[in-house]
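Chemist: One structure follows; several queries about it will come next.
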Amino acid sequence: MEEPMRIAIIGGGKRCRAFLEMVDAKRFPNLKARIVAVADPDDRAAGMQLAREKAIFTTGDYRDFYEIPDLDLVIELTGKEELLKDFLRNKPPNVRVLEATLSRLFGDMIRFREEYLYRERELELIESIVDSVFHSMRDGVLIMQPDFKIVDANQAFLQSMGLNKEDVIGKFCHEVTHRSPHPCSGEGFQCPLRESLETGATSHAIHEHPNADGQVQYCEITTVPLKNKKGGVQMVLEILRDITDELEKRVAQKTRALKRDLARLVHEDKMIALGKLVASAVHEINNPLSGIHALARLMHRELEEGNTDENNIEKFKYYLRLIDTESARCSSIVKNLLSFSRQQKVEIRKLQLNELIQRVIHLCKHKMDMQHVTLRLELAEDLPETTGDPGQIQQVLLNLIFNSMEAMPDGGTVTVSTQWDRMRGQLRLEVADTGVGIPSELMSQIFEPFFSTKSQDKGVGLGLSVVYGIVKEHGGSIYVKSEEGEGCRFILRFPLESEG
């Protein structure tokens, strides 16, 4: 049987330790060798300590190797050539020494192994950190193959879906996240995983996913492609963040902002309508005021002339009754204008639609007469009460009536009708005119803010958009029927209980 080669090592540092470990691990299967001695002046060097643990002879002076019987080979691992040369000058003739170049090569091989082991330990540490981060993330995380199959899932994802890892691994992503046996598709559907595979870049999307309770949650999805050295996508990391609460907050904020904008538009529109009413009211008030003024001057002259007989007294009483009637009429007009112009908070309460219509007609009747517009009222007597803000509903009526009047510059007929639709449980309000009508190509735009078919001096196009906003705020609906040259009909429906 071949005797193992007896080897001594000059240098007891890390390289020596690595060599000892490699020999123990039989990394050199064709090398029949036994380490019999290690020399290093540093008694605490790593290789010296391991050599002592293995009962290998250790010394601080390599010259002691001369006394070792049957020594076959000396390996120098310090990299100091002067030590090797000194040893060669004084070595016994039967002892072989690895040449300096080969010794350095051997040392480099051992250093390479040390670096490999360090990288391996470093990789294990990185894998441990990644695994710890992966499973401790609060957002759901999936690792998927390019064929859309799930390789791994973190705890946050499993908890949100109410699943175990065995329920997820190996399944297609759509089977787990969308609970669907079919791949995600459809017009407008965005698959971030497919986009990352096609582009090789990070992708984002917002999807609806069922949670553990079967309720819909909104998830912001980010897919990150994991590439090999050649740039090919080997895996895809998918991060799912539940943004349901965040979206609800954003929607609530947007709703509040829209309501503020609607309130502003309603107020601006009210001021426009008020301007139209005031212009009409000036003419309406001017006639009774002129009559009051004339009667007052007449009575004053009669009194100065001493005409106080019984006939004149009766005449004066008649004049006073006229003055009282006309002044009350002026007062009523001003009161209605003030009531309409007053900026009040939205107040939802019981209201009778027919009464609001009568009030609005009283405000704009004089303007109708001046424009030679005939009014027809077809109000249902059995109309039940509804709920809403009387001021806003009144503004809707004024806008629709003014809109009809402006569509009939040479006069015409405005018909206002109400009806109780028992089948639907809704109040139906219709405002129709015999005006110029609306071209079919403009029908889809009439409720847009600042859209108007009228000239700029007639308005800025807020009226119908405000009408639409108020009706929707009250849970109602509005649509229009019209043909060019055939007039126009606005049909509104309100529930008995307003959503506002």
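The values are calculated or read from the model by the stated rules, or taken from the named source; none is laboratory data. This one's a predicted model, so the numbers in the text were calculated from it and none came from an experiment. We place every Cβ from the backbone using ideal geometry, glycine too, and count neighbours over all the protein chains shown. Heavy atoms of the whole protein, side chains included, go into the accessibility calculation; ligands, DNA and RNA do not. Shrake-Rupley method; radii C 1.70, N 1.55, O 1.52, S 1.80 Å.
Chemist: Pick from the stretch 1-37 the residues that are of a type in the set (Gly, Ala, Ser) and within 60 Å of the chain's Cα centre (by Cα): which of them is nearest to PHE65 (Cα to Cα)?
Modeler: Residue satisfying both the conditions and the ranking: ALA18.
Chemist: If you don't mind, another one. Regarding VAL133, is this residue modelled with pLDDT of 85 or more, over 23 Å from GLN215 (Cβ atoms) and surrounded by fewer than 14 Cβ atoms within 10 Å (Cβ to Cβ)?
Modeler: No; evaluated as a whole, the condition is false for this residue.
Chemist: Pairs under 9 Å by beta carbon, first residue more than 19 Å from TRP420 (Cα to Cα) in the stretch 473-491, partner open to solvent by less than 90 Å² (accessible area, probe 1.4 Å) and among the acidic types (Asp, Glu), six or more apart or different chains?
Modeler: GLU473/ASP389; GLY487/ASP433; CYS488/ASP433
Chemist: If you check GLU441 against the conditions, is it open to solvent by 60 Å² or more (accessible area, probe 1.4 Å), at pLDDT below 85 and in a loop (DSSP other than H, G, I, E, B)?
Modeler: Taking the combined requirement at face value, the residue does not satisfy it.
Chemist: I would also like to ask the following. Can you pull out every residue in the stretch 195-225 that is among the polar types (S, T, N, Q), in a loop (DSSP other than H, G, I, E, B) and loosely packed, with under 13 Cβ neighbours inside 10 Å?
Modeler: If the condition is that a residue be among the polar types (S, T, N, Q), in a loop (DSSP other than H, G, I, E, B) and loosely packed, with under 13 Cβ neighbours inside 10 Å, then GLN215 is the only one that fits.
Chemist: What number goes with the only condition from (1) surrounded by 12 or more Cβ atoms within 10 Å (Cβ to Cβ); (2) under 60 Å from the mean Cα position of the chain (by Cα); (3) modelled with pLDDT under 85; (4) of a type in the set (D, E, K, R) that GLU347 does not pass?
Modeler: Failing condition for GLU347: (1).
Chemist: Let me ask another. Please work out which residue is least open to solvent (accessible area, probe 1.4 Å), limiting yourself to the stretch 226-243 and to residues that are over 17 Å from PHE172 (Cα atoms) and in a strand (DSSP E or B).
Modeler: VAL233
Chemist: Which pairs turn up if I take residues in the stretch 178-194 that are free of Cβ contacts under 8 Å to residues at least 40 places away in the same chain and open to solvent by less than 50 Å² (accessible area, probe 1.4 Å) and look for partners that are of a type outside the set (A, V, I, L, M, F, W, C) and part of a loop (DSSP other than H, G, I, E, B) with beta carbon separation below 8 Å, at least 6 apart in sequence or on another chain?
Modeler: Matching pairs, first to second residue: CYS184/HIS178.
Chemist: Kindly indicate whether any position in the stretch 358-372 is among the charged types (D, E, K, R), open to solvent by 10 Å² or more (accessible area, probe 1.4 Å) and modelled with pLDDT of 90 or more.
Modeler: Checked the stretch 358-372: no residue is among the charged types (D, E, K, R), open to solvent by 10 Å² or more (accessible area, probe 1.4 Å) and modelled with pLDDT of 90 or more.
Chemist: Collect the residues in the stretch 142-158 that are closer than 17 Å to ARG179 by Cα and out of contact with any Gly (no Cβ under 9 Å at 6 or more places or on another chain), keeping them in residue-number order.
Modeler: LEU142, MET144, PHE148
Chemist: So, in the stretch 151-177, how many residues would count as being open to solvent by 50 Å² or more (accessible area, probe 1.4 Å) and farther than 17 Å from GLY214 by Cα?
Modeler: Qualifying residue count for the region: 7.
Chemist: Suppose we keep only residues that are within 16 Å of SER404 (Cβ to Cβ) and either in a loop (DSSP other than H, G, I, E, B) or small (Gly, Ala, Ser) (or both) within the stretch 462-483. Which one would you say is modelled with the lowest pLDDT?
Modeler: The qualifying residue modelled with the lowest pLDDT is GLY463.
Chemist: Would you call LEU142 in a helix (DSSP H, G or I), at pLDDT 65 or above and hydrophobic (A, V, I, L, M, F, W, C)?
Modeler: No; evaluated as a whole, the condition is false for this residue.
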